[in-house]
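What follows draws every value from the coordinates through simple rules; no lab data is involved. Everything quoted here is computed from the prediction, not taken from an experiment. A quick note on method: Cβ atoms are made from the backbone with ideal geometry, for glycine too, and the neighbour counts reach across all protein chains shown.
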Protein chains: 2
Amino acid sequence: MRSPQSLRNGGDNTPSPLPRIPHHFHSTLSVQKLRRFNSLILVFRLAAFCFSLASSVFMLTNSRGSDSPRWYDFDAFRFVFAANAIVAIYSLFEMGVSVWEISKGTTFFPEILQVWFDFGHDQAFAYLVLSADAAGTALARTLRESDTCTATNAFCVQSYISVALGFAAFLFLGLSSLLSGFRVVCFIINGSRFHL
Amino acid sequence: MRSPQSLRNGGDNTPSPLPRIPHHFHSTLSVQKLRRFNSLILVFRLAAFCFSLASSVFMLTNSRGSDSPRWYDFDAFRFVFAANAIVAIYSLFEMGVSVWEISKGTTFFPEILQVWFDFGHDQAFAYLVLSADAAGTALARTLRESDTCTATNAFCVQSYISVALGFAAFLFLGLSSLLSGFRVVCFIINGSRFHL
């Protein structure tokens with residue numbers, strides 16, 4: 001197992017105020033904890049990916065012939081599809097990055113870029129997918145009171161499911177955002193993503 | 001001017017790894033910077049308060065007699081009003097807290113509670129007001145395509161304004177959230193909200 005010093009790649013400009021802990025101690029405890037932490041992030045990313053992919057697929061397949069309404073006729077549903085597709089692609093990429101980090105022990109980008117990239121995108125996409133799902137909910141509730149849903153109930157049910165799956169994706173993206181925020185704080189404090 | 005040590009109130013359990021800087025140096029530079037930082041937060045809070053209050057007032061007054069639609073008949077508009085009213089009350093409280101801190105030099109709650117309280121509520125309420133405004137936008141766009149807006153255009157215009165003001169409130173709440181997040185990081189690093 002490599003020592004944490006060799007695992008760091010780039011961007012370590014902040015001198016640590018703490019005295020250096022001997023390598024053999026740091027490597028056994030800290031690397032193990034980091035691995036467990038990264039696995040937890042990976043699980044959250046996987047969940048966010050599954051839910052957002054499911055949400056966008058449910059929305060994409062939500063049209064039944066020419067006489068029933070189609071999802072792309074509604075702005076909010078287009079927004080739900082786009083936001084969830086973006087989150088799915090981002091989560092897939094981040095899962096790759098997590099697997100890379102767990103297997104190779106180094107970050108994909110230089111460390112300082114990586115922690116800020118993760119945190120910034122998690123925050124921004126969490127806001128994006130939440131606003132999309134809120135807009136989708138508002139539209140779905142309006143449609144329920146109109147004639148659209150009495151005529152083609154399956155269309156409405158499928159939209160509800162898609163929006164609900166989007167909220168689940170938001171939940172897991174929010175959890176990932178908490179963890180990546182914690183990594184940013186660790187990086188600022190220690191000058192490395194190791195939280196010991 | 002009191003020294004930063006006497007300005008701290010409670011919750012300082014994290015020993016600072018840095019050697020103590022002489023008080024006269026710390027107090028002149030750090031307290032001045034903290035004051036400027038707090039003034040910036042106060043400005044953002046004031047802006048968030050004004051916009052969210054305006055948004056909720058615009059929504060609240062959006063009913064014109066019995067023959068036109070009323071805002072409280074629509075779920076999403078009720079959500080816009082409630083979210084903006086909550087943010088207005090919270091911003092007013094936080095403005096009081098900021099003024100207290102600038103004038104007295106101490107935080108209103110114990111320091112550790114204060115920084116986490118600010119950051120947590122900023123984040124939660126930013127998500128709340130964004131989702132409310134997204135839902136309001138979706139409903140407003142749907143209404144525009146229906147007969148409601150052709151019959152009573154003023155109702156729709158007033159809803160648009162209310163939702164737009166809500167987005168402005170979100171923007172300033174998000175900026176406050178960035179600054180309070182920075183304070184949390186400073187607190188974790190230094191064991192105090194002073195960022196020097």
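A compact table of results
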| item | result |
| --- | --- |
| Estimated FRET transfer efficiency (B:SER66, A:CYS50; beta-carbon r; R0 56 Å; 0.05) | 0.70 |
| Neighbourhood charge, 12 Å Cβ-Cβ cut-off, centred on A:ALA140 and excluding it, Lys, Arg +1 and Asp, Glu -1 | -1 |
| Local electrostatic count, A:PHE77, Cβ distance below 15 Å [Lys/Arg +1, Asp/Glu -1] | +2 |
| Sequence of A:LEU40, B:LEU128, B:LEU173 once ranked by neighbouring C-beta atoms within 10 Å, starting from the fewest | A:LEU40, B:LEU128, B:LEU173 |
| Environment charge at B:GLY96 (Cβ cut-off 13 Å; Lys +1, Arg +1, Asp -1, Glu -1) | -1 |
| Farthest toward positive dipole pole in region B:47-196 [+1 Lys/Arg, -1 Asp/Glu at C-beta], among B:PHE119, B:THR152, B:ALA135 | B:PHE119 |
| Taking all pairs of distinct alpha-carbon atoms in region B:28-168, Kirkwood radius in angstrom | 16.5 Å |
| Candidate aspartates and glutamates for bridging to A:LYS104, where Cα separation is under 20 Å - those fewer than 8 sequence places away on the same chain excluded | A:ASP12, A:GLU94, A:ASP118 |
| Region B:98-176, Cα convex hull volume normalised per residue, Å³ | 89 Å³ |
| Shortest-first nm distances, A:TRP116 label point to equivalent points in other copies (7 Å, Cα→Cβ) | 2.8 |
| Pseudo-label separations to other copies for B:ARG78 - Cα-to-Cβ vector, 7 Å, nm | 3.0 |
| Cα-Cα separations in region A:145-184 greater than 11 Å, expressed as whole percent | 68 percent |
| For B:GLY65, label point 7 Å along C-beta direction: distances to other copies, nm | 4.5 |
